Every structure is written in structure tokens, then in C-alpha cells.
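Colleague: For reference, the structure I am asking about is given below.
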């Protein structure tokens with residue numbers, strides 16, 4: 001099911017799986033270890049956001065969203081401020097993290113892009129190679145994805161026109177968010193890489209609550225699998241996503 005849209009030149013109709021991380025929305029048990037992993041990744045996202053933009057959330061939409069997400073997970077202000085300082089390069093604890101992007105195939109030839117944040121490339125690469133043992137590590141697949149800005153935003157009230165909101169904010173495309181209650185409208189808005197901050201600000205000005213604003217990868221085409229094959233690929237992707245150094249996993253999984 002996808003949000004119906006008005007016809008418009010240059011606008012492709014996006015299915016809900018197009019983002020490449022749709023497989024994460026399947027319900028699963030959140031253990032104490034998993035919650036700790038989520039917190040670690042939230043803190044790393046704050047560090048990266050502060051490193052790539054202004055260290056002030058008021059002037060860095062990506063950092064503002066990351067801080068809000070961390071607070072919702074009860075991350076303390078001290079931890080948040082240390083993460084911002086690390087990203088901004090302040091003090092002896094300045095971030096030495098680097099972004100390592102890995103390409104390859106999951107089982108059944110599903111293209112995968114993995115973004116890792118690591119302070120030790122020599123640790124991360126062998127670990128990822130091991131996790132890809134049921135797939136193909138290092139195969140070039142980047143040409144099968146578009147590098148885009150991705151914004152997730154919600155607004156009170158059912159049935160809001162996502163297409164109209166996307167046009168007014170300057171987004172290139174939009175799809176309906178999953179797992180929302182009946183009283184909330186939500187969209188995943190896609191932008192050009194240079195328009196991420198502008199569209200995020202425009203949505204906020206239109207009273208949308210932005211819950212995610214980041215660069216990511218959108219598959220150009222999806223691989224259709226039967227239920228058994230899909231379960232196998234999802235298990236493969238989750239094992240990678242659970243690694244401490246893994247920041248994002250994108251897959252062309254239908």
C-alpha cells in the first residue's frame with residue numbers, strides 16, 4: 001500500500017520499501033543489549049551530526065533531530081554534550097571516528113550498502129567481511145542506489161495530503177510512514193543532497209514534527225522475494241545492523 005499521488009512530471013511513485021531500511025520496521029523483541037546498542041548508535045549519530053555541521057542544534061537540523069531522538073531514549077544531557085563536543089573536535093576526547101561505506105550483496109542477490117562509524121578500520125572491515133559470509137562482500141552496488149536526503153516527519157490529523165506537503169516544502173518525493181496511529185499523518189520525504197536542511201526547515205515551519213533528517217541511499221529497483229527468502233535476507237541484514245560499528249544498512253529489498 002502506498003500513498004496515492006497527483007500526477008506530476010518528473011515525480012516517480014515510490015513504494016513504502018524504497019527507502020532501503022523498510023526491513024527494520026518488522027516487530028522484534030528489544031532486549032537490554034539491543035537497547036544499549038540503540039543508545040550507542042544514537043550517541044554516534046550526534047557525534048557525526050556535530051562533526052559534519054554546526055555544533056549548535058539550533059543551526060544544525062540533523063543534530064537537532066539526533067539530540068531529540070537521544071532524549072526520547074533517556075540519554076542524559078551529559079552524554080549528549082560530550083558527544084557534541086567530540087564531534088566538534090573539542091577537548092582530548094575529540095572524535096577520531098571515520099565513515100566506512102561497504103558495498104555487497106545479501107543472499108538472493110539483494111544489493112546492500114552498509115555505513116559504519118569506526119575508530120578502527122582494521123577491526124571493522126574483517127568483522128563486516130565475516131558477517132557477509134552468506135552474501136558477497138565488496139561487490140560494487142552503489143550504482144543501484146540514489147544518494148538522497150531523507151526526512152521523516154509527522155503531523156496530528158489523519159489523511160493529510162503528503163504530496164501537497166512535499167511540493168510546498170520542496171521535496172522530490174514522498175511516501176507514507178508505517179506504523180502510525182489513526183490520529184497521525186506521516187511521510188518519508190526525499191530530497192536532493194543539497195536540499196536536506198531547506199526541506200527540513202520548511203516542514204517544521206508548516207508544523208510538521210521532523211523525527212529524522214539525514215543523508216541515505218534509496219534503491220533504484222527492488223528485488224522481489226518469496227516469504228522464506230525474504231526472512232533469510234532480513235536475518236542477514238539484522239546481524240549486520242546489530243554490529244556496534246554499523247551505523248546504517250540500506251538494502252534493495254522488496
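Colleague: Does region 104-232 come out rounded, prolate or oblate, given a ≥ b ≥ c as the square roots of the eigenvalues of its C-alpha gyration tensor, rounded meaning a/c under 1.5 and, failing that, prolate meaning a/b above b/c?
Modeller: Prolate, because a/c is 1.5 or more and a/b exceeds b/c.
Colleague: Another question, then. At 0.36 nm per residue, minus the direct Cα-Cα distance, what do residue 109 and residue 38 gain on full extension? Give it in nm, one decimal, please.
Modeller: Additional length available on full extension: 22.8 nm.
Colleague: Same structure, new question: Taking the Cα centre of each part, how many Å lie between region 126-166 and region 41-117?
Modeller: 17 Å
Colleague: Multiply the residue gap between residue 79 and residue 183 by 0.36 nm, knock off their C-alpha separation, and tell me the result in nm, one decimal place.
Modeller: 34.1 nm
Colleague: Obtain the nm distance between the two label points defined at residue 244 and residue 58 by a simple spin-label model: each point lies 7 Å from its Cα along the Cα-to-C-beta direction.
Modeller: Each label point is offset 7 Å from its Cα along the Cβ direction, giving 3.6 nm.
Colleague: Quick one: if the Förster radius is 25 Å, what FRET efficiency do residue 194 and residue 160 give, using the C-beta to C-beta distance and rounding to 0.05?
Modeller: About 0.40, to the nearest 0.05.
Colleague: How large is Rg/Rh for region 32-88, to two decimals, with Cα atoms and a Kirkwood Rh?
Modeller: 0.96
Colleague: Let's test the formula: R0 of 25 Å, r as the Cβ-Cβ distance of residue 224 and residue 101. What FRET efficiency results, to the nearest 0.05?
Modeller: Efficiency computed from Cβ-Cβ geometry: 0.45.
Colleague: Rounded, prolate or oblate: pick one for region 55-180, where a ≥ b ≥ c are the square roots of the eigenvalues of its C-alpha gyration tensor, a/c under 1.5 means rounded, and failing that, prolate if a/b is larger than b/c, else oblate.
Modeller: oblate
Colleague: Starting from the Cα gyration tensor of region 145-219, take the square roots of the eigenvalues, sort them a ≥ b ≥ c, and report rounded, prolate or oblate (rounded when a/c is under 1.5, otherwise prolate if a/b is larger than b/c, else oblate).
Modeller: prolate
Colleague: Going by average Cβ neighbours within 10 Å, how do the peptides 72-84, 207-219 rank, with the highest at the top?
Modeller: The peptides rank, most packed first, as 207-219, 72-84.
Colleague: Something else about it: Sort 43-52, 181-190 for me by packing, meaning the mean count of neighbouring Cβ atoms within 10 Å per residue, highest on top.
Modeller: Ranked by mean Cβ neighbours within 10 Å, highest first: 43-52, 181-190.
Colleague: While we're on this one: Would you mind computing, in nm to one decimal, how far apart the modelled labels at residue 122 and residue 201 are, each placed 7 Å from Cα along Cα→Cβ?
Modeller: Once both label points are built, they end up 4.4 nm from each other.
Every read-out reported here was derived from the displayed coordinates using simple, explicitly stated rules and does not represent laboratory data. These figures come from a predicted structure and were not determined experimentally. Neighbour counts are summed over all protein chains in view; Cβ atoms, including those assigned to glycine, are modelled from backbone coordinates with ideal geometry.
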